[in-house]
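Chemist: First, the structure itself, so that you have it in front of you.
The values are calculated or read from the model by the stated rules, or taken from the named source; none is laboratory data. Keep in mind that this is a model prediction, so the values were computed, not measured. FYI the Cβ positions are ideal-geometry reconstructions off the backbone, even for glycines, and counts take in every protein chain you see. In case anyone asks, the SASA skips ligands and DNA or RNA and just uses the protein heavy atoms, side chains included. Shrake-Rupley method; radii C 1.70, N 1.55, O 1.52, S 1.80 Å.
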Amino acid sequence: EDTYEVGGQLSFHGVTRPLTVQVEHIGSAKDPWGGYRAGFETSFKVKRSDFGMTHMQGGVGDEVRLTVNIEGIRK
């Protein structure tokens, strides 16, 4: 119930690909200024070569993990 499937487009290095990830709602509450905030987090892997990034494969690797944290404020 706290996990959502979010889809969109991910662009790196001039290449855009569709992406769907599982996003977890990690909390929400009133802030000190009377607003309402909610936090979300996701972590996923992408292959750099899928976005045309083929340099430094040995030093960085082709598959990398990205972690994204988002805080939203209700208006």
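Chemist: Answer yes or no: is there a residue in the stretch 44-60 that is under 30 Å from LYS75 (Cβ atoms), out of contact with any Pro (no Cβ under 7 Å at 6 or more places or on another chain) and either surrounded by 12 or more Cβ atoms within 10 Å (Cβ to Cβ) or among the hydroxyl-bearing types (Ser, Thr, Tyr) (or both).
Modeler: Yes - at least one qualifying residue is present in the stretch 44-60.
Chemist: If we keep just the residues of the stretch 13-28 that are part of a strand (DSSP E or B) and over 15 Å from the mean Cα position of the chain (by Cα), which is farthest from GLU1 (Cα to Cα)?
Modeler: In this case the residue turns out to be VAL15.
Chemist: Now a separate question. Identify, please: which residue in the stretch 29-40 is surrounded by 14 or more Cβ atoms within 10 Å (Cβ to Cβ) and not basic (Lys, Arg) and is, among those, farthest from the chain's Cα centre (by Cα)?
Modeler: Ranking the qualifying residues of the stretch 29-40, first place goes to ALA38.
Chemist: Listed residues GLU1, GLU63; which is modelled with pLDDT under 90, open to solvent by 70 Å² or more (accessible area, probe 1.4 Å) and among the acidic types (Asp, Glu)?
Modeler: Every option except GLU1 fails the conditions.
Chemist: Let me ask you something else. Would you check if there is a residue in the stretch 5-18 being over 20 Å from VAL64 (Cα atoms), surrounded by 12 or more Cβ atoms within 10 Å (Cβ to Cβ) and out of contact with any Lys or Arg (no Cβ under 6 Å at 6 or more places or on another chain)?
Modeler: Checking the stretch 5-18: not a single residue is over 20 Å from VAL64 (Cα atoms), surrounded by 12 or more Cβ atoms within 10 Å (Cβ to Cβ) and out of contact with any Lys or Arg (no Cβ under 6 Å at 6 or more places or on another chain).
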